[in-house]
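The values are calculated or read from the model by the stated rules, or taken from the named source; none is laboratory data. Please read all numbers here as calculations on a predicted model, not as lab measurements. Here the Cβ positions follow ideal geometry from the backbone for every residue, glycine too, while neighbour counts run over all protein chains shown.
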Amino acid sequence: MDKYQDRQAAGKVLAKHLKDYANKTNTIVLALPRGGVPVAYEVASALSLPLDVFIVRKLGVPWHKELAMGAIASGGCKFFNQEVIESLEIAQDDIDKVIQKEEKELQRRELLYRNNQPLPNFYNKTIILVDDGIATGATIRAAIKALKNSKPASIIVSVPVAALSTYKEMTRLVQRVVCPLKPVHFYAVGLWYAHFPQTTDAEVTELLRKANENYLANAS
């Protein structure tokens, strides 16, 4: 296999690699929205596990938004890449403006996706952390750092594709990494999918609703 048909197909492939976790108590599938949600939905459905989202917003350098100078995450966690901030001499005022903007977007998504419900208790849980792929790894690294504060039993990073170098780095950060495609020359996540449309807010909320219904139906 050299690429996936779409995010749903990729999720089904991941679910096969994760079948040992099917119906496990104290296990939760956490998606990084938006693109990670359709992938995680297939994983949660196949394994009969609950699905939730963990929201991370990258803090982009003001004049080069793709370059991360840090990130903020659900639960009020903030992380900064001091090396980037110092080497580019980014003023605190500029950093604060970016934080303010991204906090607003994080709050909007918390309200929309999670209805401002408190995060689940991750203490001693097995977390299967899912995205549609890892490019630089800035977002997922921030999620891992934030989740480790909750002292889960283990974190399993599960992604359809990641650059080989990023995959190796992830194996040092968490207990297990499931990643079927590990190209040396990565370029961009979308290149590893035949069909890679932007996931919308409406799709995210609908998939979370369906996942919750399915899980409750299976549990009863």
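Can you tell me which residue is surrounded by the fewest Cβ atoms within 10 Å (Cβ to Cβ) among those in the range 145-166 that are closer than 22 Å to W192 by Cβ and at pLDDT 95 or above?
Applying the filter and picking the extreme gives I156.
Quick one: which residue in L181, L119 is over 19 Å from D52 (Cα atoms), in contact (Cβ under 8 Å) with a residue 60 or more places away in the chain and not polar (S, T, N, Q)?
That would be L181, the only listed residue that is over 19 Å from D52 (Cα atoms), in contact (Cβ under 8 Å) with a residue 60 or more places away in the chain and not polar (S, T, N, Q).
Among the residues of the range 44-74, write down those that are closer than 14 Å to K210 by Cα and not in a loop (DSSP other than H, G, I, E, B).
A44, S45, A46, L51, D52, V53
If K145 meets every condition in (1) without any contact (Cβ under 8 Å) to a residue 60 or more places away in the chain; (2) at negative phi apart from one, which number is that one?
Failed condition: (1).
Please determine, by comparing only the residues of the range 136-195 that are in a loop (DSSP other than H, G, I, E, B), among the small types (G, A, S) and over 13 Å from the mean Cα position of the chain (by Cα), which one is farthest from G60 (Cα to Cα).
Of everything passing the filter in the range 136-195, A153 is farthest from G60 (Cα to Cα).
Looking only at the range 15-43, which residues are over 14 Å from the mean Cα position of the chain (by Cα) and part of a helix (DSSP H, G or I)?
Once the filter is applied, which keeps residues that are over 14 Å from the mean Cα position of the chain (by Cα) and part of a helix (DSSP H, G or I), the range 15-43 yields A15, K16, H17, K19, D20, Y21, E42.
Go through (1) of a type outside the set (S, T, Y); (2) over 25 Å from S45 (Cα atoms); (3) part of a loop (DSSP other than H, G, I, E, B) and name the single condition L119 misses.
So L119 meets the others, but not (2).
Would you tally the residues in the range 102-114 being surrounded by 14 or more Cβ atoms within 10 Å (Cβ to Cβ) and either closer than 16 Å to K58 by Cβ or without any contact (Cβ under 8 Å) to a residue 40 or more places away in the chain (or both)?
Start the filter on the range 102-114 by keeping residues that are surrounded by 14 or more Cβ atoms within 10 Å (Cβ to Cβ), which leaves 102-103, 106, 109-110, 112-114.
Going one step further and asking which of them are either closer than 16 Å to K58 by Cβ or without any contact (Cβ under 8 Å) to a residue 40 or more places away in the chain (or both), we end up with 102-103, 106, 109.
The total comes to 4.
Can you name the residue in the range 76-101 that is outside any helix (DSSP H, G or I) and of a type in the set (A, V, I, L, M) and, of all such residues, is surrounded by the fewest Cβ atoms within 10 Å (Cβ to Cβ)? First the steps, then the outcome.
To start, the set of residues in the range 76-101 that are outside any helix (DSSP H, G or I) comprises 76-81, 88-91.
From what is left, the residues that are of a type in the set (A, V, I, L, M) are 88, 90-91.
Details: L88: 14, I90: 19, A91: 10.
Only one residue fits best here, namely A91.
May I ask you to list the residues in the range 117-139 that are at pLDDT 95 or above and surrounded by fewer than 17 Cβ atoms within 10 Å (Cβ to Cβ)? Working first, answer last.
First, pick out the residues of the range 117-139 that are at pLDDT 95 or above: 122-133.
Listed by number, the residues that qualify are Y123, N124.
Let me spell it out: the conditions are (1) within 30 Å of A194 (Cβ to Cβ); (2) of a type in the set (D, E, K, R); (3) out of contact with any Lys or Arg (no Cβ under 9 Å at 6 or more places or on another chain), and E89 meets all of them except one. Which number is the exception?
(1) is the only condition that E89 fails.
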